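Shown next, in structure tokens, is the structure this report addresses.
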Amino acid sequence: MTETNNKNQKMVLKLVVIVIGMFGFGFALVPLYDVFCDITGINGKTNTTAASYQAVEIDESREVTVEFITRTNTGMPWEFRAETKRIKVHPGELNTVSFYVRNPASSDIVAQAIPSVSPGLAALYLNKTECFCFNQQPLDSGKEAYMPMQFYVDPQIPEDISYFTVQYTLYDVTARADGLETKTNPFMTTQSESGK
């Protein structure tokens, strides 16, 4: 009888250790996944800081199509769209596209755009020299503006990537921005300033 009790106690102890190990692994999975994605570039995240454009050789023998998709997060009232839906670029060539925003709400709103790239591997080769996504974007009630994005595709982009999509999701971060000094983005132009 005591031999059976000892076996049962050992089995219960092993199961408890397995459950604790599984919980610990599950807890560590998110940071491990983030590290893995940062190393491999498969998560579609782009750089959060501006790249510097140095005179690189433009590969005019290739064209890469870049598509821009915009959306607003649930509850974000802004109108948000890409002025250029799709552009064909040569790797190494500096390009500028513009995005339109309008705040129809009755209050001022501060927004933050979060980009993602699909397929994720293409994110490694998308270099933004200027982007509205680097900063929070305050916009007064009833105002509209144009926000530029300047970028180039790295000439080292693999031959099998001839098309990729950049999606921007716009979030309302007004609650987090309250009390912080938010500066107007010097690259954002209101419609009256742009002459449209």
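The values are calculated or read from the model by the stated rules, or taken from the named source; none is laboratory data. The structure displayed is predicted, hence computed values, not measured ones. In this analysis, Cβ positions are derived from the backbone assuming ideal geometry, glycine residues included, and neighbour counts consider all displayed protein chains. Ligands, DNA and RNA are stripped out before the accessible areas are found, and what is left, the full protein with its side chains, is counted by its heavy atoms. Shrake-Rupley method; radii C 1.70, N 1.55, O 1.52, S 1.80 Å.
Take P115 and decide whether it is in a loop (DSSP other than H, G, I, E, B) and in contact (Cβ under 8 Å) with a residue 60 or more places away in the chain.
Numbers: in a loop (DSSP other than H, G, I, E, B): no; in contact (Cβ under 8 Å) with a residue 60 or more places away in the chain: yes.
No: the conditions fail for P115.
Each residue in the range 91-112 was checked for being within 12 Å of M149 (Cα to Cα) and either assigned to a strand (DSSP E or B) or of a type in the set (K, R) (or both), and 6 of them qualify.
In the condition set (1) modelled with pLDDT of 90 or more; (2) surrounded by fewer than 16 Cβ atoms within 10 Å (Cβ to Cβ); (3) among the charged types (D, E, K, R), E57 is compliant with all but (1). Taking (1) part of a helix (DSSP H, G or I); (2) at pLDDT 60 or above; (3) surrounded by 10 or more Cβ atoms within 10 Å (Cβ to Cβ) in turn, D38 satisfies each apart from (2). Here is the figure for the range 63-97: residues that are under 15 Å from Q167 (Cα atoms), crowded, with 16+ Cβ neighbours inside 10 Å and polar (S, T, N, Q) total 2. Here Y168 passes the criteria (1) over 16 Å from V66 (Cβ atoms); (2) assigned to a strand (DSSP E or B) except the one numbered (1).
Of the residues making up the range 127-149, those that are modelled with pLDDT under 90, assigned to a strand (DSSP E or B) and either open to solvent by 40 Å² or more (accessible area, probe 1.4 Å) or of a type in the set (A, V, I, L, M, F, W, C) (or both) number 1.
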